[in-house]
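The values are calculated or read from the model by the stated rules, or taken from the named source; none is laboratory data. From a predicted model like this one, the values you see are computed outputs, not experimental measurements. So basically every Cβ, Gly included, is an ideal-geometry build from the backbone, and we count neighbours across all protein chains shown.
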Amino acid sequence: MSTTTTGTPPLSAARTLATAGRVLRQLTHDPRTVALLLLIPVLMITLLRYVFDGSPQTFDSIGASLLGIFPLITMFLVTSIATLRERTSGTLERLLAMPLGKGDLIAGYALAFGAVAIVQSLLATALSVWALGLDVTGSPWLLLLVALLDALLGTALGLFVSAFAASEFQAVQFMPAVIFPQLLLCGLFIARDRMAPVLEAISNVLPMSYAVDGMNEVLHHTEITGHFIRDVVIVAGCALLVLGLGAATLRRRTT
Amino acid sequence: MMNSSGVAIEARGLTVVRGSRTVLKGLDFTVEPGRITGLLGPSGCGKSTLMRAVAGTQAKVTGTLEVLGSPAGHPALRPRIGYVTQAPSVYTDLTVRQNLDYFAAILQPGRRHREDRRAAVTRAITEVDLSSHAGDLAGTLSGGQRTRVSLAVALLGTPELLVLDEPTVGLDPVLRRDLWNLFHSLAADRGTTLLVSSHVMDEAERCHRLLLMREGAILADDTPEALRRGAGTDTVEEAFLHLVDAAATRQENAR
């Protein structure tokens, strides 16, 4: 069979789809992971609803934020471990010795985990809005959009940090290192403008802050606000930027 | 296809540095097309590094290394070389066929090649004698079977050059014989060039030509018969030991 010998295009739709399909196929052989991915957010949001049984407004604001944070955290974890395994098992070396563009691999992962995130967010959002009485002023579809972008951001961050982890132990430690500071500063616990000025400044450059802000915009406004668009663009931009950085960490030649 | 002098691989002054160690020390050798060249030597002598350099995945390579008429690692070579690392690099959470389906889609992407891919996958599975395990997860196979899955991936796409790093480690004698028969039929029928490493000297007799390596240098580059005749020994193993002793004596005398 004569494949083209003119090198590798940076991004090929067929190879990207094949990669995404392969990642999803790997998940189908691991039903427990799938169950955990889909059920934990649902259970946690339910738990939260009854923790704040006496103060539904608090549930509204924290619940909406969490709908954005769950996909970010789970996709971060899943992607960092999955790509670390790809690096340590030798399959990455093999793929990069084949006519696969780095962009194909990255986009394949983003696509596969994005699809999982859609199902995950659909379940959690639907349950929150219809069964748990989460009071959203705007459209729940916008919540879903932000959740999906958060998932992409999580995938991007996971892909990026996996380059700096030599083992699974190190990879999971990046979760508190990368996610916790953002969690504390994103405005989930207290409004960002009430933090120490330095921390507020830091929170202004962390992408999760905009994820939570975006959720809150949907929570309080019926129409799509300018702030919402800004938040969405920032989260999407960060995700693309970090995905690009992640691609740069994939080396065809290693020492 | 080949370069002007009609060789598949040509190295001049090939040097590789890993960390502070010079692993390959200015090697000069050629590999003939359509033949099986055995790369033999004790573990740690630089066989794997040499193979990674040929496959284009090794960094810090200096000197000249031409593979199939292009510099090693050239993007145009990626679809033309099949490379099997020492550790089987396949996805343990996919079945044998799913593994091959994915790698086939990377080599020959697109819907219109679907039938070709299916045929190539079935053929590769048959060639490594895993037809009865095609539906099994790679992770549940024995070590030797997983090695063969990894080899099957390299056979997809009918590469002109196969770089096989210790492909027969841990296989029983019957299977080893079958694989060597396969290697010979690939060379004879398809004109495939094979570079096969081993630290088992009795496999040397099955190669057309041998490169004996020790401590990052090439001790001998000849046919098995010529090596035995030159050293006046019955086996390649004895010839190798003879050469090592002779090299050590030369070193002593040089001091």
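Here are the numbers:
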quantity	calculated
Failed condition for B:ALA105, given (1) at pLDDT 95 or above; (2) at the interface with chain A (Cβ under 10 Å from one of its Cβ atoms); (3) over 25 Å from B:GLY143 (Cβ atoms); (4) not in a helix (DSSP H, G or I)	(4)
Evaluation of B:PHE29 against (1) in contact with a Pro (Cβ under 9 Å, 6 or more places away or on another chain); (2) more than 10 Å from chain A (Cβ to nearest Cβ) (one fails), failing number	(1)
So A:LEU38, is it buried (at least 16 other Cβ atoms within 10 Å of the Cβ) and within 19 Å of the chain's Cα centre (by Cα)	yes
The one condition in (1) buried (at least 22 other Cβ atoms within 10 Å of the Cβ); (2) touching a helix residue (DSSP H, G or I) at 6+ places or on another chain (Cβ under 7 Å) that A:ARG49 fails to fulfil	(1)
Residue count for the range B:1-58, restricted to those that are in a loop (DSSP other than H, G, I, E, B) and either under 18 Å from the mean Cα position of the chain (by Cα) or touching a residue at least 40 places away in the same chain (Cβ under 8 Å) (or both)	17
Residue match in the range B:66-75 (condition: in contact (Cβ under 8 Å) with a residue 40 or more places away in the chain, in a strand (DSSP E or B), more than 10 Å from chain A (Cβ to nearest Cβ) and out of contact with any Phe, Trp or Tyr (no Cβ under 6 Å at 6 or more places or on another chain))	yes
Single residue of the range A:239-255 satisfying the filter (free of Cβ contacts under 8 Å to residues at least 24 places away in the same chain and either at the interface with another protein chain (Cβ under 7 Å from one of its Cβ atoms) or in contact with a helix residue (DSSP H, G or I) (Cβ under 6 Å, 6 or more places away or on another chain) (or both)) that is farthest from A:LEU145 (Cα to Cα)	A:THR255
Conditions (1) closer than 16 Å to B:LEU164 by Cβ; (2) buried (at least 18 other Cβ atoms within 10 Å of the Cβ): number failed by B:GLY34	(2)
Selection count, the range A:27-55, where residues are within 11 Å of chain B (Cβ to nearest Cβ) and either more than 16 Å from A:ALA117 (Cα to Cα) or in contact with a Ser or Thr (Cβ under 7 Å, 6 or more places away or on another chain) (or both)	3
Every residue from the range B:34-62 that is farther than 26 Å from B:SER185 by Cα and of a type in the set (D, E, K, R)	B:LYS60
Any hit, the range B:78-101, residues being modelled with pLDDT under 95, more than 9 Å from chain A (Cβ to nearest Cβ) and over 19 Å from the mean Cα position of the chain (by Cα)	no
Pair list, Cβ under 6 Å, 6 or more apart: the range A:215-228 residue among the polar types (S, T, N, Q), other residue outside any helix (DSSP H, G or I)	A:THR222/A:THR137; A:THR222/A:GLY138
Test set (1) part of a helix (DSSP H, G or I); (2) out of contact with any His (no Cβ under 9 Å at 6 or more places or on another chain); (3) touching a residue at least 24 places away in the same chain (Cβ under 8 Å); (4) more than 10 Å from chain A (Cβ to nearest Cβ) - B:ILE125 fails condition number	(2)
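Here's the yes/no breakdown for (1) modelled with pLDDT of 90 or more; (2) closer than 29 Å to A:PRO140 by Cα; (3) more than 10 Å from every other protein chain (Cβ to nearest Cβ):
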site	(1), (2), (3)
A:THR79	yes, yes, yes
A:LEU84	yes, no, yes
A:ARG87	no, no, yes
A:LEU95	yes, no, no
A:MET98	yes, no, no
A:ASP104	yes, no, no
A:ALA107	yes, yes, yes
A:LEU122	yes, yes, yes
A:LEU127	yes, yes, yes
